[in-house]
Amino acid sequence: MSTQEFVIRPRPAVRAFALAAAAALLGALALVGGSAWGWGVVGTTVGIVLMLGGLGLAILAVVSARRQAVTVSFDDEGFRVASAGEPTHTGTWSAVTRVTGAPGRLTLHEGDERRTHLIAPRGSDADLDAIGEAIGHHLDADRGYTAFEG
């Protein structure tokens, strides 16, 4: 089997983007009001600060979403779970004793002590069914199981 890679991303930060858009609009209004309606330097300054704050919030929402993404890779030997800012977790298929699932979660059990949790946040576009199917294929291949065709 070849290497398979899946990415589990969090749901979009809709609230942060809405606040950023509102801040940018209010900033634009204050910026225009500062020059067109005679609000002076205070209105212009408030407008610039609000627009920069909205832009900063939008950038932080994008960066945060990218850092929370988890990449899960499977190959013939085992699996690898990597996330920005977190240590990479690896394991072999021969060490996996069972796999359990719950809504939004898959857990790879390695003996009695070690667990690897793959969690898809609510609203995420992660396809845990496809990930579970890939895990099943790799476990079957590792243990020498083949599909019965009769």
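Taking the conditions (1) surrounded by 12 or more Cβ atoms within 10 Å (Cβ to Cβ); (2) in the same structural domain as Ala21 (by the TED database); (3) not hydrophobic (A, V, I, L, M, F, W, C) in turn, Gly40 satisfies each one other than (1).
For the stretch 15-36, a residue qualifies if it is surrounded by 14 or more Cβ atoms within 10 Å (Cβ to Cβ) and more than 22 Å from the chain's Cα centre (by Cα), and the qualifying residues are Ala23, Ala24, Leu26, Gly27, Ala28, Leu29, Ala30, Leu31, Val32, Gly33, Gly34. When the stretch 110-127 is limited to residues that are without any contact (Cβ under 8 Å) to a residue 40 or more places away in the chain and either in contact with a Lys or Arg (Cβ under 9 Å, 6 or more places away or on another chain) or over 18 Å from Phe79 (Cβ atoms) (or both), the one that is surrounded by the fewest Cβ atoms within 10 Å (Cβ to Cβ) turns out to be Asp112.
The values are calculated or read from the model by the stated rules, or taken from the named source; none is laboratory data. Since the structure is predicted, the reported quantities are computational estimates derived from the model, not experimental observations. Because the Cβ atoms are built from the backbone with ideal geometry, glycine has one as well, and the counts that use them run over all protein chains shown.
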